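Beneath this line is the structure, given in structure tokens, with notes to follow.
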């Protein structure tokens, strides 16, 4: 299909250049394909948990965990983020993409890496490592090579982003100040650079080690690996917050109450967040890292980033409230919330993403990242509950919300089954919410381990441990939540793919009428959000202290 | 132009009073409270990650553990020696897919645990859930602990170490 060299989006007034638009489309489509693969590979895990290891073997469980993890956490999110970067650099900054050839090269490299990892996970099940390949557990050399290829592809995409940004800056295409969405994408791209460099430092020697040419120290690998592994989550965080600001604008015309504070918050991410990755090393046998070093990194520097998140925690909901109040829904404290466009899946995805990320993901993250509380959280299901709440309920749900705008505005197709679509974020978000709540409690209180292939039966060992009966109830809640979320997730893929295949093509006039984006201007006080934010902080404080009380009930450990 | 760019004077714009209050509270919470509480707990708390770590050769660590087990062995449980050492240094070895030996300890006494993996990454996790820590081959974790409750405790592995990972179970017995 030949694209016009440039068109103006009838809903947003943005200029869409054909090279960028084609790259946005192809990256988004591939992202959704990997999302589908990720959903399919979680089915064996759920069946293992529900029907037991006699029906679905531990080996299949570990294999499925590997494939689910890589497809979801890496491929779905990174392909979508690349689409978001190109959108921010080209559309938001009104600049044609620099080096589109390199961007295509990056795309093919990422795709090759992703396909190779899927291939290896399927054909050599006894060699796979359930998501995190800690040395000296060894995968085939091709695995490390595939990771490197994927990372090089992603580095090319980030480079194209920076080059386009430079062109926009030099040619002053965006006026005096770039829009907040582009600023957030820039934050994500800077974090992605350090993340991918850490990935190269971790995986290139490991590749050589897998060929037998080099020795790799397990602790050294673990440290550099988490510079990559957690760094990637900071990219997801910055991309998610960017998606939140975009969605607030797209759905209700809401803008941040303070451009200055929102930007400072992104800067705080840059300052604090990567060093905070040290929280992965809190319970390591590591003489190299002193208490003082750990304390400074996970105590002070990460809390700088937490402050950034708390600023966004006010600004994003405030943007929603401002948009709705300025539209005239100004009654009382929460009149705007009652009159909000709940039938719009983009809007409900935004609200659920903000709430679930804040209460489940953010709160659990700060708590588990606390120096000594990690004794209770480390490697338990609670960790999984935490990152389901951040990257699934937070980032993935926000990206799903954006997709409901991507389809009509970029692909120019009307969403099929809008009534069903209105339920999708609820089914997915609340299902995942139940799942992660149950996981966090199972992990912190009962210590259930993560990545455990035989449904906590300990392989029939004579030393086996019998969990208290309430664990069964929580596991059932986990199963119900997971199943609902899976249905919601498959519904999303169905809606996206169905719309691409059978959605009614939209004309410019129809797009302008149905999706007009207009920033509401004026001054209002986000009173409702102010109250909600204060309650959130109070709850946060109580939760943090309660966790320490719980820790104080344990044996005396590590006393001086 | 439809999509939002910030107003011209956005750098001079005043932050609304509500958001200023929020900013102060958030700073107090994140920078002052969280950091101070975390540090104070680590210095004065009775459950901390405070300990030492040493590089260790897996083969010689295995020998040390075996010598320790022979010296204090009082019985056997499922083929693994049960060891009742006096307060002081106790050894524990993690290997695919078992914990060695079974420790028999006394409530209220303080021990100095020397624990290491001799092959793969393992996760030390004590049940009913007291605490979890990470182990890597080539490094030993050394820290003191005091059992505060008597009973039969189970050790599981909570970091994937191979296809038998879920069957890696051990015991720690605590007597009154």
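Values in this text are rule-based calculations from the coordinates and carry no lab data. Small disclaimer: the values here were computed from a predicted structure and weren't measured. Cβ: placed from backbone, ideal geometry, glycine included. Neighbour counts: every protein chain shown.
For segment A:243-328, the fraction of alpha-carbon pairs lying more than 16 Å apart is 59 percent, rounded to a whole number.
Note on segment A:343-441: the alpha carbon radius of gyration divided by the globular reference 2.2 N^0.38 Å gives 1.23. Relative to its Kirkwood radius, the Cα radius of gyration of segment A:408-560 gives an Rg/Rh of 1.14.
In plain terms, the residue of A:327, B:8, A:388, B:104 with the fewest other Cβ atoms within 10 Å comes first and the most crowded comes last, giving B:8, A:327, B:104, A:388. The alpha carbon radius of gyration of segment B:1-78, expressed as a multiple of 2.2 N^0.38 Å, is 2.49. Modelled this way, with points 7 Å down the Cα-to-C-beta line, the labels at residue A:5 and residue A:51 are 5.9 nm from one another. Looking only at segment A:404-442, which residues have a backbone nitrogen under 12 Å from a spot 7 Å from the Cα of residue A:513 in the C-beta direction? Answer for segment A:404-442: none. Calculated over segment A:412-452, the projected area of the Cα convex hull averaged across directions stands at 4.5 nm². For the pair residue A:112 and residue A:543, the difference between a 0.36 nm per residue extended length and the Cα-Cα distance amounts to 150.7 nm. Between residue A:501 and residue A:422, the modelled labels are 2.6 nm apart [label points 7 Å from Cα along Cα→Cβ]. For the pair residue A:126 and residue A:215, label points projected 7 Å from Cα toward Cβ lie 2.8 nm apart. In terms of overall dimensions, the C-alpha atoms belonging to segment A:309-354 reach 29, 22, 14 Å along their principal axes, ordered largest to smallest. Normalised radius of gyration (Cα atoms, divided by 2.2 N^0.38 Å) for segment A:63-213: 1.17. Summarising the strand pairing of segment B:1-133, around 55 percent of its internal DSSP beta bridges are antiparallel. Cβ crowding within 10 Å, taken as a proxy for footprinting-reagent exposure, orders B:80, A:542 from fewest neighbours to most as A:542, B:80.
In terms of overall dimensions, segment B:52-174 has a Cα radius of gyration and Dmax of 13.2, 37 angstrom.
Working value for chain A: equivalent-ellipsoid semi-axes of 36, 28, 24 Å, each the square root of 5 times a Cα gyration tensor eigenvalue, largest first. Residue order for A:172, A:518, fewest other beta carbons within 10 angstrom first, comes to A:172, A:518. Taking only the Cα atoms of segment A:1-41, the ratio Rg/Rh comes out at 1.17, with Rh defined as the Kirkwood radius. Diffusion coefficient of segment A:140-289 by Stokes-Einstein, Kirkwood radius over Cα pairs, 20 °C, 1.002 mPa s: 124 µm²/s. So, R0 is 41 Å and r is the distance between the beta-carbons of residue A:260 and residue A:18; what FRET efficiency does that work out to, to 0.05? Given R0 = 41 Å and the Cβ-Cβ separation, E is 0.70. Evaluated at q = 0.14, 0.16, 0.18 Å⁻¹, a Debye calculation over the C-alpha positions of segment B:60-129 (equal weights, vacuum) places log10 I(q)/I(0) at -0.42, -0.55, -0.70.
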